[in-house]
Amino acid sequence: MIKYSREFYKKSFTADTMKSAYMSAVKWYSTNVLSKAEFVNVQVQFIKEDKGEFPTITIHLFAVQDGENDVMSQHCQCCKEMHHSFFINEDTHCDRCSAAGFQRRLEEKINIKMNYYKEMLRKRLEE
């Protein structure tokens, strides 16, 4: 299964010890993302940086989109409808599909999801 993801937010946590920075990052993540029903299909990545005086943990949040199932079936349905509208007596040639529309639909969906997550997280952080 192919999954597409795009980063929509990152935040750094600095503390006196790596453990303190990590605990602050996990607490923030569990409070603002993990416990909220709106954030479905969000992947998280924790990156440790021990450069300089204080250790830092950076959280990267990614919006994830399943690329094969729903988007591809939507693309095929649109293609078949258009083909039957213009070429009434001919079969569709799915073996020659370039799926450029598939890629555009996938980009549109991931952009919508990414912007929605950004907005929801911004609202949560302002509370």
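Out of the chymotrypsin sites (Phe, Trp or Tyr not before Pro) in region 1-100, which ones are loop residues according to DSSP with at most 15 other C-beta atoms within 10 Å? Show your work: numbers first, answer last.
Numbers: sites: Tyr4, Phe8, Tyr9, Phe13, Tyr22, Trp28, Tyr29, Phe39, Phe46, Phe62, Phe86, Phe87; in loops: Phe39, Phe87.
Qualifying residues, ordered by number: Phe87.
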Counted neighbours (other Cβ, 10 Å), sorted fewest up, put Asp66, Asp50 in the order Asp50, Asp66
With θ set to phi - 60° and the Karplus curve 6.51 cos²θ - 1.76 cosθ + 1.60, what are the ³J(HN,Hα) couplings of region 41-57 in order, to the nearest whole Hz, using x for Gly and Pro? 6, 10, 9, 10, 9, 9, 10, 8, 10, 10, 9, x, 6, 10, x, 10, 10
Output the pairs from Lys11/Lys118; Lys11/Lys109; Lys11/Lys51 with a Cα-Cα distance over 20 Å in this structure; if there are none, say none. Lys11/Lys109
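Are any of the pairs Lys3/Lys48; Lys27/Lys113; Lys10/Lys36; Lys19/Lys113 more than 21 Å apart by Cα-Cα distance, and if so, which? Kindly include the intermediate steps, with their values, before the conclusion.
Working: Lys3/Lys48 25 Å; Lys27/Lys113 24 Å; Lys10/Lys36 17 Å; Lys19/Lys113 32 Å.
Check vs 21 Å cut-off fails for Lys3/Lys48; Lys27/Lys113; Lys19/Lys113.
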Likely footprinting exposure, His60, His93, His75, fewest C-beta neighbours within 10 Å first: His93, His60, His75
Can you put Ser12, Ser20 in order of Cβ neighbours within 10 angstrom, beginning with the fewest? Ser12, Ser20
Could you give the size of the charge dipole of the chain about its Cα centre, using +1 on the Cβ of each K and R and -1 on the Cβ of each D and E, expressed in debye and rounded to the nearest 20? 460
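May I ask you to derive the relative contact order of the chain, considering only C-alpha pairs under 8 Å and at least 6 residues apart, and to give it as an integer percent? Can you show the working numbers first?
Working: 150 pairs, mean separation 42.3, N = 127.
Once divided by the residue count of the chain, the mean separation gives 33 percent.
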Taking 0.36 nm per intervening residue step and subtracting the Cα-Cα distance, what contour gain separates Thr14 from Ser85 on full extension? 19.6 nm
With only alpha-carbon atoms counted, please give the Rg and Dmax of the chain, in Å. 20.8, 73
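Just from its helices, what would the mean residue ellipticity at 222 nm be for the chain, if runs of 4 or more DSSP H residues each count -39500 (n - 2.57) and the sum is divided by every residue, rounded to the nearest 500 deg cm²/dmol? Walk me through the numbers on the way to the answer.
Working: 3 runs with 56 residues, N = 127.
Helix-only estimate at 222 nm: -15000 deg cm²/dmol.
Where a number appears in this text, it was derived from the coordinates with a stated rule and is not lab data. Everything numeric here is computed off the predicted structure, so don't read it as measured data. Cβ: placed from backbone, ideal geometry, glycine included. Neighbour counts: every protein chain shown.
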